[in-house]
Structures are given as structure tokens and as C-alpha cells.
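Accompanying notes for the structure given below.
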Amino acid sequence: MSDSQPAVGLPRLNAPAPDFSAKTTHGDRSLADYRGQWLVLFSHPSDFTPVCTTEFIGFAGVAAELKAKNCELLGLSIDSIFSHIAWTRNIAEKFGVEIPFPIIEDLKMDVARAYGMIHEGASDTSAVRATFVIDPEGILRAMLYYPMSNGRSIPEIVRLVTAMQASDANGVATPAGWQPGDDAIVSPPKTIAAANAREGEGFKYTDWYFSTRPVAA
């Protein structure tokens, strides 16, 4: 894929994540390497930029927490391995933070285009601030985009991974702002008979379509 090729469309939620093989600061990585784990793949516009620096410091701060949830981090920008190495060394020297996760070199924009990270009008030469959450089966489960001028909420990404894991484990949905320890939403009934029976099923009942129960995160 050459640099002159146009951006492709966005990948689709609940479909297989686009496959990739790439060089990173920790050696070669492919999507297959993360099979059986959750993966947060995130792009940043450029090395040695202030907003991106704060994001990498933020991701470094939650890397161990995510790893405990069987979730790995993988960064990407359209910069060289040498730039990535120099930048991470600079972050360690100037901010006292080691970056523990790999960063993809994507000079030809192959991965960025496959994941819809190149947006004309935002930047046609840099990856925008995109975040993709991929589950252990390689299915794309969430996408988040931020403008070039504003950094991501790293705690929200951790919360989202935790919420999706709780949903998968318990067969429930989670309400706005859900945190571990909060109740989750039971799937609404799909027949009149089931709706009529919902109040007596032992859930925390508000109405036939809205009931909650405790879950393990």
C-alpha cells in the first residue's frame, strides 16, 4: 500500500478487527499475537508532541491495571522506530515515566488506513487520536475518536474495558457511568408474557423494561 492511496472506510463494530503485522519498539507484532487477550490499540498524531506525551504517560500509568484484566496496550503513529525510541527515552528522562508497551512504526500507513485512522480534514498525513478495543477472539468491540486538540480520558478506556468484560461474563448491559460494584441492567423481556412476569423474577424492578442486578466485575 503506497502513501498515495486514499484512506479506506472505518472498520465495523462486532466484526473481525483488521489483521496487521508491523514493526514495533518491542519487535515485530501482529494481531494474532494478542489472540486470547483483550487489546487496546491506539493511535497518536506524532511523537514529541505535548498532548500525545500526556496520553502516553496516562497509558503507562494504567498498563499494569489493564494487564491484570488480561488486556494489553499497543500504540501507533506514522513515525519511525527510531523516533519512537528517542521519544520514549525522552519521556523517561524528562517525566520519569517508562513506557512499557510497544509502539508500531507505520511509515507506509498500512495499519492506520486499515483501521480508518487517517481522516481528511483532520490530518491527511497523521493518524488521528483513535482507540480500538479488540476482544480475545479478535473482534472489534469499541472505537473512540478524539480531536487533535484534546487528549483522551484514559480512565474512561479502562472503565470501558472493565464494563465490556463484566457484560460478557454476566450477560448484562451496563448503565451510563457504570463502575465495578454498581448494578447492571438485565436484558428486557421480549414477549408480553415475559414482561408480565418480570416484576416477580427477583431483580431490582423499576418497570418491565428496566430491571437491574448485582454483577461481578
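The values are calculated or read from the model by the stated rules, or taken from the named source; none is laboratory data. The structure presented is a predicted model; accordingly, all values stated were derived computationally and were not measured. A quick note on method: Cβ atoms are made from the backbone with ideal geometry, for glycine too, and the neighbour counts reach across all protein chains shown.
Values as computed for the structure displayed
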read-out: Subset tally (residues that are in contact with a Phe, Trp or Tyr (Cβ under 7 Å, 6 or more places away or on another chain) and either of a type in the set (Gly, Ala, Ser) or part of a loop (DSSP other than H, G, I, E, B) (or both)) for region 102-116; value: 2
read-out: The one condition in (1) in contact with a Phe, Trp or Tyr (Cβ under 8 Å, 6 or more places away or on another chain); (2) of a type in the set (A, V, I, L, M, F, W, C); (3) farther than 24 Å from Pro180 by Cβ that Ile81 fails to fulfil; value: (1)
read-out: Filter result (closer than 22 Å to Val158 by Cβ and free of Cβ contacts under 8 Å to residues at least 40 places away in the same chain) within region 19-51; value: Asp33
read-out: Of all residues making up region 81-122, the number that are modelled with pLDDT of 95 or more, surrounded by fewer than 16 Cβ atoms within 10 Å (Cβ to Cβ) and over 19 Å from Gly58 (Cβ atoms); value: 4
read-out: In region 38-68, the residues that are more than 17 Å from Pro100 (Cα to Cα) and polar (S, T, N, Q); value: Ser46, Thr49
read-out: Residue check, Phe56 within 21 Å of Ile157 (Cα to Cα), surrounded by 19 or more Cβ atoms within 10 Å (Cβ to Cβ), free of Cβ contacts under 8 Å to residues at least 60 places away in the same chain and among the hydrophobic types (A, V, I, L, M, F, W, C); value: yes
read-out: Strands (runs of 3 or more DSSP E) contained entirely in region 117-214, each with at least 3 residues that are within 30 Å of Ser43 (Cα to Cα); value: 129-134, 140-146
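Residue-by-condition table, conditions (1) touching a Pro at 6+ places or on another chain (Cβ under 7 Å); (2) over 15 Å from Arg129 (Cα atoms); (3) not in a helix (DSSP H, G or I):
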{"position": "Asp33", "(1), (2), (3)": "no, yes, no"}
{"position": "Phe42", "(1), (2), (3)": "no, no, yes"}
{"position": "Pro45", "(1), (2), (3)": "no, no, yes"}
{"position": "Ile85", "(1), (2), (3)": "no, yes, no"}
{"position": "Glu98", "(1), (2), (3)": "no, yes, yes"}
